[in-house]
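Q: Sharing a structure, written as structure tokens. Questions coming.
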Amino acid sequence: MPRIFELVVNGVRHSVDAEPARTLLTVLRDELDLTGTKYGCGEGQCGACTVMIDGIATRSCQTGAAAAAGKRITTIEGLEQHGKLHPVQAAFLEADAMQCGYCTAGMIVAGAALLEKNANPSEAEIAEAMQGNMCRCGTYPRIVAAIMAASRMMKRNAA
Amino acid sequence: MNPRNPHLEPERYELREGPAYHFRFDRRGFFKALGGGIVVVSFIARAKAQESGGGRGRGRAMPQEIAAWLHIDPNGGVTVYTGKVEVGQNARTSLTQAVAEELGAPVSAIELVMGDTERTPYDMGTFGSMTTPQMVPQLRKAASAARALLPAGPWESIDFSEIAKNEVLVKGVTGGSKPKPADQWKVLGTSVPKVNAREIVTGKHQYTPDVKLPDMLHGRVLRPEKFEAKLVSLDSSAAEKIPGVTVVHDGEFVGVAATTPHAAATALGVLKAQWKAQPQTSAKTLFHDLQQPIATENGERRSANEKGSVETGLAGAAHKLDSTFTVAYIAHAPLEPRAAVAQWNGEKLTVWTGTQRPFGVQSELAQAFHIPEQNARVLMPDTGSGYGGKHTGEAAIEAARLAKAAGKPVKLVWTREEEFTWAYFRPAGVIQVRSGVDASGRIMAWEFHNYNSGASGINTLYDIPNQKIAFHPSKYPLRQGSYRGLAATANHFAREVHMDELATAAGIEPLQFRLRNLKDERFKAVLLAAADRFGWGKRKAAAGVGFGIAGGFEKGSYVAACAEVHCESGKPPRILRIVESFECGAIVNPDQLKNQVEGSIVQGLGGALFEAVDFEDGKILNPRFSRYRVPRFSDVPHIEVVLLDRKDLPSAGAGETPIVTVAPAIANAIFSATGERHRAMPLIRRQQSNGASIGAAI
């Protein structure tokens, strides 16, 4: 693998010079200064590092940076468009679906990816899709409520 | 530098040290730099100085009698300075509300500077649910005094540019001011949303691991292969050959700093170290080991409470019971691991770190580097949780040591495995209860011994004429310390499960049995509120389903929970529903309080059902989330929270106590479903990899 490769993050092309073995998580955080994506466990168990790659929720701590070259990467910083929050971000605010907030970015990205696949998930489907995202403060009920609310919001926006 | 000092982390709640010196407060000098506006300083009454302010005060930037201070600038901006910190318990919002209430200013005009040892007054730490009962009144006092210096009328109509132009008007306040009663609150008592939530949902808030400084290096620390291991030899030649790598070997400390995290990990990987360690115990013998009590340093048992005669009470009892309960070691596992960014400027050190005790970490740094405390500045960004697990400054010291050697700033973020291994744990414990109840269902005798897990919440509120209650410190195998609710969880588990055993022995329905033995009206009120919402006594359980109830009191607040659990042979119990009532005086922020209660219930499920630290011979055997199970989305039952707002009572803290009734309510529901009495936390029996059976009664 080349040492210099190109990443497309939140619609912006970045030329990255990094060891090929680097994870996408550390390249996003330490090379591109996109620190909204968090380290929580390094083994794909907690979901704090969740980003979207071509629209699919992906654990960036388990993804080689070079392997993500050329794909469409979306991080928490890319969800807000022209000063307008993504419906999932707005719904998290509305439901106060956080305490310490460290898991929030991963939760929001995972929730946004879920709604791209399934615009109208049930509570059970949300719990199943989000099972790999951990909130140690225990705000799960609020997160489920926020994603349900975002789903309704998106339907209203589309109508 | 050995991070495993067994004396480092006792129950911090019981740490009470008064200030050694009281210096005169030279206010002009300190506040001159602000340019203009009004400063109000809230002083602590001398008797309370050791709680919120106080401490030793040597070399502090600010005198220690100050609890907090606020500054209104000539543009009408309000900046509040407090040593309390934000770890998800929502202090930033509730303290903002306190200032807004008394000042009459909008929440958006107020900014809090928290936990910066150079700019905020000394504070012992953010723990023990003390922010609401102590810092809220201090800030209200300061804000109310500031309001008195401003012209009457609405905030928007005040011309701040005319007030104390070009000079700082300083006013000090001690006790005496009369804050607004809760029934007149307009901002306090309302559900103000989390003030910095937008920074969080957009990913902009910078936690410690997100801090980046120019020329910053990334650090890693070489950990011993076992606890208490001594370094015999180190060959760092391969690591030192890697360009840009600094290796530090100072006594037992070995670490590396490099230009990228990847290079630091590579350098760490090629260090060749030899360790020597003594054989150590395992989880297998834990509960036996903990029952060998030791004398404390002053030769006495830490706490004992005796009333009447247990033997006399037992002699007159119709039913006598004797039960033993166990509680495993569990980990806080905050999602943000310990982290620090350290920067030296000559002899001056600045460290950003996530800690519940920034001033404690400042002292640790001063001691470790032999510098005066004023040369060590600790800044605490709002942090990815603590739950009592971030009282210490290991990462700060390690990052500072590496930065000193490298001559550049160093960031150190503990790996999850380090956090699971080299932090400290909630203490394991054994609790023995002996009791007797008379023919009418009155408890006549209550003897309660807690080995090692702690004394928080150890006393019973039930009205029992003969009692003996004692905490026995033990020689313990793992580094242990504070945890949300601390030992109150273990003590409530044993007490409330045993209350159910007594109710069964006496042939009385569990809620009625509790009420019959209670005089405390606030306790009765939470029990009845939870029972009412749950439909206790009104619904018939379906096949395999049981209902359980538990109540308690700790740190000024009352809590009760009802649980509905489905049990099926050969499968772990499934928690269907938890209703919890909570009363902590006048409610400061109803929605955020509900959030804390819900979170406590969910976190409590882990310790109740499946969390346990597995260890053997100086090693943690499950130091990863793939081996240490914590509550996830699918574990969450239907949760209902009933808040009792007592506007006639002072507000108590609420981040901890709601956790204490979760485990006993579930254990009692399992008994009602199956007739099996479980006396071990976690309740789900699990064979550990080393053959120990955590969750099994001894």
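The values are calculated or read from the model by the stated rules, or taken from the named source; none is laboratory data. Owing to the predicted nature of the structure, the values given are computational and were not obtained by experimental measurement. Neighbour counts are summed over all protein chains in view; Cβ atoms, including those assigned to glycine, are modelled from backbone coordinates with ideal geometry.
Q: Does any residue in region B:624-641 that is touching a residue at least 24 places away in the same chain (Cβ under 8 Å) and at the interface with chain A (Cβ under 8 Å from one of its Cβ atoms) come within less than 6 Å, Cβ to Cβ, of a residue that is among the hydroxyl-bearing types (Ser, Thr, Tyr) and surrounded by 15 or more Cβ atoms within 10 Å (Cβ to Cβ) six or more places away or on a different chain, and which pairs are these?
A: B:VAL636/A:TYR140
Q: Right, here's the next one. Name, by its number, the condition in (1) at positive phi; (2) in contact (Cβ under 8 Å) with a residue 12 or more places away in the chain that does not hold for B:GLY570.
A: (2)
Q: Kindly indicate the residue of region A:77-90 that is out of contact with any Leu (no Cβ under 8 Å at 6 or more places or on another chain) and within 13 Å of B:ARG198 (Cβ to Cβ) and also modelled with the lowest pLDDT among those meeting that condition.
A: Ranking the candidates gives A:GLY83 first.
Q: Sticking with this one: Does A:ALA150 meet the test of being within 8 Å of chain B (Cβ to nearest Cβ), buried (at least 24 other Cβ atoms within 10 Å of the Cβ) and touching a residue at least 40 places away in the same chain (Cβ under 8 Å)?
A: no
Q: Next question, about the same structure. List the helices (runs of 4 or more DSSP H) that sit entirely inside region B:196-274 and contain at least 1 residues that are within 11 Å of chain A (Cβ to nearest Cβ), out of contact with any Cys (no Cβ under 9 Å at 6 or more places or on another chain) and not aliphatic (A, V, I, L, M).
A: B:197-201, B:261-269
Q: Right, something else. Restricting to region B:176-195, what's the tally of residues that are at the interface with another protein chain (Cβ under 10 Å from one of its Cβ atoms) and of a type in the set (Lys, Arg)?
A: Residues that pass the stated criteria total 1.
Q: Let me ask something additional. Among the residues of region B:368-381, which ones are away from chain A (no Cβ under 14 Å) and surrounded by fewer than 24 Cβ atoms within 10 Å (Cβ to Cβ)?
A: B:ALA368, B:PHE369, B:HIS370, B:ILE371, B:PRO372, B:GLU373, B:GLN374, B:ASN375, B:ARG377, B:LEU379
Q: Give the residue that is nearest to the other protein chains (Cβ to nearest Cβ), with candidates limited to residues of region A:121-139 that are closer than 27 Å to A:ALA158 by Cβ and not small (Gly, Ala, Ser).
A: A:MET130
Q: Report, by residue number, each residue of region B:581-605 that is more than 8 Å from chain A (Cβ to nearest Cβ) and out of contact with any helix residue (DSSP H, G or I) (no Cβ under 8 Å at 6 or more places or on another chain).
A: Residues satisfying the conditions are B:GLY585, B:PRO590, B:LEU593, B:LYS594.
Q: Tell me which residues, restricted to region B:640-697, are among the polar types (S, T, N, Q) and at pLDDT 95 or above.
A: Those that are among the polar types (S, T, N, Q) and at pLDDT 95 or above: B:SER651, B:THR657, B:THR661, B:ASN668, B:SER672, B:THR674.
Q: Sort out which residues of region B:73-91 are surrounded by fewer than 20 Cβ atoms within 10 Å (Cβ to Cβ) and within 19 Å of B:THR120 (Cβ to Cβ), and write them in order of number.
A: Of everything in region B:73-91, those that are surrounded by fewer than 20 Cβ atoms within 10 Å (Cβ to Cβ) and within 19 Å of B:THR120 (Cβ to Cβ) turn out to be B:ASP73, B:GLY77, B:THR79.
Q: Could you tell me which residue of region B:322-342 is farthest from A:CYS137 (Cα to Cα), considering only residues that are hydrophobic (A, V, I, L, M, F, W, C) and within 14 Å of chain A (Cβ to nearest Cβ)?
A: B:VAL341
Q: Give the number of residues within region B:382-403 that are within 17 Å of the chain's Cα centre (by Cα), within 14 Å of chain A (Cβ to nearest Cβ) and not basic (Lys, Arg).
A: 8
Q: A:ASP96 is checked against (1) at the interface with another protein chain (Cβ under 7 Å from one of its Cβ atoms); (2) under 26 Å from A:LEU24 (Cα atoms); (3) charged (D, E, K, R) and fails just one. What number does that condition carry?
A: Against the list (1) at the interface with another protein chain (Cβ under 7 Å from one of its Cβ atoms); (2) under 26 Å from A:LEU24 (Cα atoms); (3) charged (D, E, K, R), A:ASP96 comes up short only on (2).
So that you can scan it fast, the table gives a plain yes or no per residue for (1) under 21 Å from A:GLU6 (Cβ atoms); (2) of a type in the set (D, E, K, R):
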| position | (1), (2) |
| --- | --- |
| A:GLY44 | no, no |
| A:GLY47 | no, no |
| A:ASP54 | yes, yes |
| A:ALA57 | no, no |
| A:ALA67 | yes, no |
| A:ARG72 | yes, yes |
| A:LEU79 | no, no |
| A:ALA90 | no, no |
| A:LEU93 | no, no |
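Q: Just wondering, is there one or more residues in region A:111-120 that are buried (at least 24 other Cβ atoms within 10 Å of the Cβ), in contact with a helix residue (DSSP H, G or I) (Cβ under 6 Å, 6 or more places away or on another chain) and at the interface with another protein chain (Cβ under 8 Å from one of its Cβ atoms)?
A: No - not one qualifying residue is present in region A:111-120.
Q: Consider only pairs whose beta carbons are under 6 Å apart and that are at least six residues apart or on different chains; among these, list those whose first residue lies in region B:448-462 and is farther than 21 Å from B:LEU321 by Cβ and whose second residue is assigned to a strand (DSSP E or B).
A: Correct list of pairs: B:ASN452/B:GLY429; B:ASN452/B:SER474; B:ALA455/B:SER303; B:ALA455/B:PHE471.
Q: Hey, another quick one. Could you please find all residues in region B:660-679 being of a type in the set (S, T, N, Q) and more than 14 Å from B:CYS562 (Cβ to Cβ)?
A: B:THR674
Q: Of the conditions (1) out of contact with any strand residue (DSSP E or B) (no Cβ under 6 Å at 6 or more places or on another chain); (2) within 14 Å of another protein chain (Cβ to nearest Cβ), B:TRP422 clears all except one; give me its number.
A: Failing condition for B:TRP422: (2).
Q: Now, a different point. Answer yes or no: is there a residue in region A:55-74 that is facing chain B (nearest Cβ under 7 Å) and aliphatic (A, V, I, L, M).
A: So far as region A:55-74 goes, no, none of its residues is facing chain B (nearest Cβ under 7 Å) and aliphatic (A, V, I, L, M).
Q: Same structure again: Among the listed residues A:ALA48, A:ALA105, A:ALA95, which satisfies the condition of being of a type in the set (Gly, Ala, Ser), in contact (Cβ under 8 Å) with a residue 40 or more places away in the chain and over 21 Å from B:GLY354 (Cβ atoms)?
A: A:ALA95
Q: Which of the residues spanning region A:2-38 are closer than 13 Å to A:GLY64 by Cα and within 11 Å of another protein chain (Cβ to nearest Cβ)?
A: Passing the criteria: A:ALA18, A:GLU19, A:PRO20, A:ALA21, A:ARG22, A:THR23, A:LEU25, A:THR26, A:VAL27, A:LEU28.
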